[in-house]
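S.K.: Structure provided below as structure tokens; questions to follow.
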Amino acid sequence: MESFNRTLYLRLLKYVSPYWKAFSLAVLGMVGMAATEPIFPAIMKYLLDNGFRTSDTRLVWLIPIGIVLLFLVRAVFAFMTNYLMTWISHRIVTDLRHQMFAKLLALPTNIYQEQSPGRLGARLTFEVGNVSDAVTTTLVTCIRESLTAAALLTYLFYLDWQLTLITLAIGPAIAMIVRGFSLRMRAASRLSIETFRQVMHTIEETVNAHKVIKIFGGQQQQTARFKQDVEKFRRAQMREAVPGSAVTPITHVAASLSVAVIVYLALSGSTGQAGSSAGGFVSFITALLMLISPIKQLTTINTTLQRGLAAAEGVFGLIDTPVEQDIISAVDIAKCRGEINFEAVGFTYPGAERPALIDVTFEARSGKTLALVGASGGGKTTISTLIPRFFLPSSGRVLIDGIDISTIRLESLRQHIALVSQDIVLFNDTVAANIAFGSPKTSTYDDVVKAAKAAHAWDFIQQLPYGLDTLIGEDGAKLSGGQRQRIAIARAILKNAPILILDEATSALDTESERQVQAALATLMLNRTTLVIAHRLSTIERADQILVLDQGRIVERGTHAELLALGGLYTNLNRLQAT
């Protein structure tokens, strides 16, 4: 465990290395503060030994000025140290967040299904701050207070080595106290972090589901759930507070025993050199009392350290999560015809009891439209997620233009695919930025306008306050469902990819808007391989081929007329929708 802790902390320290110049100056400031620490008790010794009198009249004003200069110099060192370490701390937090966010964008799809946005967000906000404290605050305290303690101990040895050895007797006792609380602190910190993730998860769920909560009157239920999560977080924090709060007073008690022994020796006349003069003894006691502060600081850093190491486990857990696999020898597709083949494809979601696809085989010819229909859970969306390789098949192969997609570089594969999902995703940006998402540097203003017109979105865009430059709010909150859908369709039109996946792309449109968009899609789908997932069979009557899926299997295939003639599942679905 201890070796693992050292390994983890050494990994954290690597994030300081790029800023070694600033860190060196900060350490210089710490050295300056430590070196000037014994000067004040030395001045007190001189004054007491001379009865606050001096034959040198210059010292009458030099000593007071020296005291002011001493604290001024220490103030400069303190400011330099604190400012530089704060700067380093913020740089480390920024670097970690950049690295974590970059990893977030490269994670496999199953990670997003296993962890909620709230939990992932907690790692980028709450936990990374604790990691920074473990690196900078702990490091500053450790170096500064260790140097200060060393300087004071050197001065104490100079005054009286025997009394100093008695003082050092409290060291093993304090070390045992800190060691005893360390494991408890780590466990408490882990629990605190986990409960905070749950609080963030509940907040994220509540915000996303606010309409459902209001409609179904779930305010009290969510309030009770949030109250329970917050109470768990509070209790976890209090479990952290017990060992964290106990270390300092116990340290003070141990230090007071040492001071008490020294005072006893002084009163009994058993002291050494320090007790030979009033100034020497007062200077010794002053330095000794000053030593308590760095010792206390060194014991309290354990709380920050353990909390930071517990947070580091979560932060590095995300950073170390394997990204989407892309083989080194992967090929690029320079020009894609868009021919798609599924060869005996089977797929089971991680943790699922039954397969989502079973022995699925079909061919989507280049430039043709293939429609997928069937009851929910039949495997339609799963097929659409395998094509851009969000998941790899459990068995069988998926090919594009005769090339196994597992051998195609992910970026090259996905640049030939456009997607319009039933779950519309828009960003808190302008209309233009959402349409040109992913290609802002290569798309001109005219390109965006043409795409908007093709998606029959231009009329309502012109009526917005700032047209294409209008901010649409969080997830397009300022737009209607149909408008959001058409913005997403315009984005797919602008990409102009040879493979188009439409997952209920017209589901949010009214009758008139659907008619307009269907006409636009008919033009767009020319000479493109289009995979249409539809629940409304009226939208795919003109598809070149229709696959009917049931419980992961293809049970029927053919054109609309051919399937109706079969009188099977497709006919039943068509009859149900007609009534």
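S.K.: Among the residues of the range 534-554, is there at least one that is of a type in the set (Asp, Glu) and not in a loop (DSSP other than H, G, I, E, B)?
M.R.: Checked the range 534-554: at least one residue is of a type in the set (Asp, Glu) and not in a loop (DSSP other than H, G, I, E, B).
S.K.: For residues that are over 26 Å from Pro64 (Cα atoms) and β-branched (Val, Ile, Thr), scanning just the range 10-40, find the one that is least open to solvent (accessible area, probe 1.4 Å).
M.R.: Among residues in the range 10-40 that are over 26 Å from Pro64 (Cα atoms) and β-branched (Val, Ile, Thr), the one least open to solvent (accessible area, probe 1.4 Å) is Val16.
S.K.: Scan the range 290-313 and tell me whether some residue there is of a type in the set (S, T, N, Q), touching a Gly at 6+ places or on another chain (Cβ under 7 Å) and modelled with pLDDT under 80.
M.R.: yes
S.K.: Select, from Val76, Val128, Val135, the only residue that is at pLDDT 80 or above, surrounded by 18 or more Cβ atoms within 10 Å (Cβ to Cβ) and part of a helix (DSSP H, G or I).
M.R.: Among Val76, Val128, Val135, only Val128 is at pLDDT 80 or above, surrounded by 18 or more Cβ atoms within 10 Å (Cβ to Cβ) and part of a helix (DSSP H, G or I).
S.K.: I've got another one for you. Since Ser439 meets every condition but one in (1) within 20 Å of Asp503 (Cβ to Cβ); (2) in a loop (DSSP other than H, G, I, E, B); (3) under 28 Å from the mean Cα position of the chain (by Cα), which condition does it not meet?
M.R.: Status for Ser439: all satisfied but (1).
S.K.: Can you tell me which residue within the range 555-575, out of those that are assigned to a helix (DSSP H, G or I) and among the charged types (D, E, K, R), is farthest from Ile499 (Cα to Cα)?
M.R.: Arg575
S.K.: For the range 41-73, give me each residue that is modelled with pLDDT of 85 or more and surrounded by 17 or more Cβ atoms within 10 Å (Cβ to Cβ).
M.R.: Once the filter is applied, which keeps residues that are modelled with pLDDT of 85 or more and surrounded by 17 or more Cβ atoms within 10 Å (Cβ to Cβ), the range 41-73 yields nothing.
S.K.: Restricting the first residue to the range 80-98 and requiring it to be free of Cβ contacts under 8 Å to residues at least 12 places away in the same chain and on the phi > 0 side of the Ramachandran plot, which pairs with a second residue that is aromatic (Phe, Trp, Tyr) and crowded, with 20+ Cβ neighbours inside 10 Å meet a Cβ separation below 7 Å and a spacing of at least six or different chains?
M.R.: Close Cβ pairs (under 7 Å, with a partner that is aromatic (Phe, Trp, Tyr) and crowded, with 20+ Cβ neighbours inside 10 Å) do not exist here.
S.K.: In the set Gly379, Gly308, Gly314, which member is in contact with a strand residue (DSSP E or B) (Cβ under 8 Å, 6 or more places away or on another chain) and not β-branched (Val, Ile, Thr)?
M.R.: Testing whether each residue is in contact with a strand residue (DSSP E or B) (Cβ under 8 Å, 6 or more places away or on another chain) and not β-branched (Val, Ile, Thr) leaves just Gly379.
S.K.: Continuing with the same structure: With respect to Trp87, is the statement that it is under 22 Å from the mean Cα position of the chain (by Cα) and either at pLDDT 85 or above or of a type in the set (Phe, Trp, Tyr) (or both) true?
M.R.: yes
S.K.: Quickly run through the range 366-378 and pick out the residues that are open to solvent by less than 10 Å² (accessible area, probe 1.4 Å) and either in a loop (DSSP other than H, G, I, E, B) or aromatic (Phe, Trp, Tyr) (or both).
M.R.: Gly378
S.K.: Considering the range 386-419 alone, what residues qualify as being open to solvent by 50 Å² or more (accessible area, probe 1.4 Å), farther than 19 Å from Gly438 by Cβ and not polar (S, T, N, Q)?
M.R.: Correct list: Leu392, Arg397, Gly402, Ile403.
S.K.: At pLDDT 90 or above and over 32 Å from the mean Cα position of the chain (by Cα): which single residue out of Gly367, Gly378, Gly374, Gly402 fits that description?
M.R.: Gly402
S.K.: Please go through (1) in a strand (DSSP E or B); (2) open to solvent by less than 10 Å² (accessible area, probe 1.4 Å); (3) not basic (Lys, Arg) for Ile383 and return the number of the only condition it doesn't satisfy.
M.R.: All conditions are met except number (1).
S.K.: Just the residues that are open to solvent by 50 Å² or more (accessible area, probe 1.4 Å) and in a loop (DSSP other than H, G, I, E, B), please, taken from the range 349-365.
M.R.: Tyr349, Pro350, Gly351, Glu353, Arg354, Arg365
S.K.: Would you check which residues across the range 447-466 are polar (S, T, N, Q) and either closer than 19 Å to Gly481 by Cβ or in contact with a Phe, Trp or Tyr (Cβ under 6 Å, 6 or more places away or on another chain) (or both) and list them?
M.R.: Gln463
S.K.: While we're on this one: Might you let me know whether the range 428-446 holds any residue that is open to solvent by 80 Å² or more (accessible area, probe 1.4 Å), closer than 23 Å to Ser480 by Cβ and out of contact with any Asp or Glu (no Cβ under 7 Å at 6 or more places or on another chain)?
M.R.: There is at least one residue in the range 428-446 that is open to solvent by 80 Å² or more (accessible area, probe 1.4 Å), closer than 23 Å to Ser480 by Cβ and out of contact with any Asp or Glu (no Cβ under 7 Å at 6 or more places or on another chain).
S.K.: While we're looking at this one, here's another question. If you check Ile540 against the conditions, is it at pLDDT 85 or above, closer than 27 Å to Ala418 by Cβ, under 44 Å from the mean Cα position of the chain (by Cα) and open to solvent by less than 60 Å² (accessible area, probe 1.4 Å)?
M.R.: In short, no.
S.K.: Being in a helix (DSSP H, G or I) and more than 14 Å from Arg491 (Cβ to Cβ) is the filter here; which residues of the range 459-474 pass it?
M.R.: Asp459, Phe460, Gln462, Gly467, Asp469, Glu474 - these are the residues of the range 459-474 that are in a helix (DSSP H, G or I) and more than 14 Å from Arg491 (Cβ to Cβ).
The values are calculated or read from the model by the stated rules, or taken from the named source; none is laboratory data. Everything quoted here is computed from the prediction, not taken from an experiment. Neighbour counts run over all protein chains shown; Cβ positions are idealised from the backbone, glycine included. In case anyone asks, the SASA skips ligands and DNA or RNA and just uses the protein heavy atoms, side chains included. Shrake-Rupley method; radii C 1.70, N 1.55, O 1.52, S 1.80 Å.
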